[in-house]
1. Return the lysines within reach of residue 122: Cα separation strictly under 18 angstrom, same-chain partners fewer than 8 residues apart disregarded; answer none if there are no such residues.
2. Any chance you could look up the accessible area of residue 66 with a 1.4 Å probe, heavy atoms only, rounded to 10 Å²?
3. If you fit an axis through the alpha-carbon atoms of helix 80-90 and take the longest principal axis of the Cα set of the chain, what angle between them do you get, 0 to 90°, nearest 10?
4. Mind grabbing the accessible area of residue 325 for me, 1.4 Å probe, Å², rounded to tens?
5. Can you give the accessible area of residue 100 in Å² (nearest 10), computed on protein heavy atoms with a 1.4 Å probe?
6. For Rg and Dmax of the Cα atoms in Å, one of [x] 19.3, 61; [y] 19.4, 57; [z] 20.1, 61 was computed from the structure I shared and the rest are decoys. Which label?
7. Any lysines with Cα under 22 Å of the residue 272 Cα? List them, leaving off those in the same chain fewer than 8 positions away.
8. How would 58, 309, 157, 190 line up by accessible area, probe 1.4 Å, largest first?
Amino acid sequence: MSALPALDLALAQHLADIALQNVAQEYPNKLDHVMQGEADVQSPRALHPVFYGSLDWHSCVHMFWSMARLLRLQPQLAQAGQITAWFEAHLRPEKIGAECAYLQQPLRQSFERTYGWAWLLKLQVEFDLLAAQLPAARAWRDALQPLTHAFVERYLHFLPLAHFPIRAGTHANSAFGLLFALEYAQHAQHPALRRLIHEKAHAWFGRDYAYPARMEPSSDDFLSGGLMEAVLMHKVVPDCDFVDWWQQFSPPQQELGHWLSPVGVSDRSDPKLAHLDGLNLSRAWCWRVLLPALPSELQPVAQQALQAHLQASQAHALAGDYAGTHWLGSFVLLALTEGAA
């Protein structure tokens, strides 16, 4: 097989420019906000003094993650000073404290469940990795930790109550929500969270078979429910058993093509239809992670699919309508660096 697509300095700098622009752009803004009264009618920056940009809270979190990962993987970035200054200004105990306080208000227990939760935990892991090579990142990591702890507690409370998975290809997808949380649990050595995620993954997905890939995608999907499930199970099933799980789970041969061919996007200015560029990029990410564990006969096909999906949508993450550029860059980064970072 040929070499996998990789992140070079020129692309890293382009992605850094996009992330810096996004995190500072407060409007337009799509709030996930339950108001108890007129006092709750406030600006995004007042409600969320850290994560107020990038159209919505979760997109801002994964743009912070993008900047942290770019700084770690490409420390010679021309924008390294700008990124450092942004983190210094925003990842401060009093600002993170305000984010934590927001969560404690009535009727906000489901705020960003579980997509934003997962991204916040992934950001914590990234800052911890960055701190190993950049001493300044230790303060950012430590400042973020109380918010991370709040979301860990929400996972521990919520998962025992969730008897059924959400298989949709959008934010609430349960496999996605477990995947980044598992990464955090393993990295932070949090056995209770890790054990709970393993239990849920096996209960929800362990016995799936002949996945109906013909049912994907829906018109606003940015995740493949089936491939996300496969990536999660790849993380919780021992390598020696994953091939057996995959053989049971894999769609019938005539349906596998639904996952191998990129989808078209009819209107990239429509925020929901623009999700389909995200689907292409997230499929590329999933194929990259799954590639070493797949049956040998499927690996060349999966690598071709990875490259085709990136080619179909990477350019639209780098330039175009804000409906896509406020978030798609993070999925380019996932597709190019997960499994290699």
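1. 235
2. 10
3. 60
4. Only protein atoms counted, so the area is about 20 Å².
5. My reading of the accessible area for residue 100 is about 20 Å².
6. Read-out taken from this structure: [x].
7. Within the straight-line cut-off, residue 272 pairs with 30.
8. On the way: 58 25, 309 0, 157 125, 190 50 Å².
Largest to smallest exposure gives the sequence 157, 190, 58, 309.
The values are calculated or read from the model by the stated rules, or taken from the named source; none is laboratory data. This is a predicted model, so every value here is computed, not measured. The protein model used for the area step is the full one, side chains on, heavy atoms only, and it has no ligands, DNA or RNA in it. Shrake-Rupley method; radii C 1.70, N 1.55, O 1.52, S 1.80 Å.
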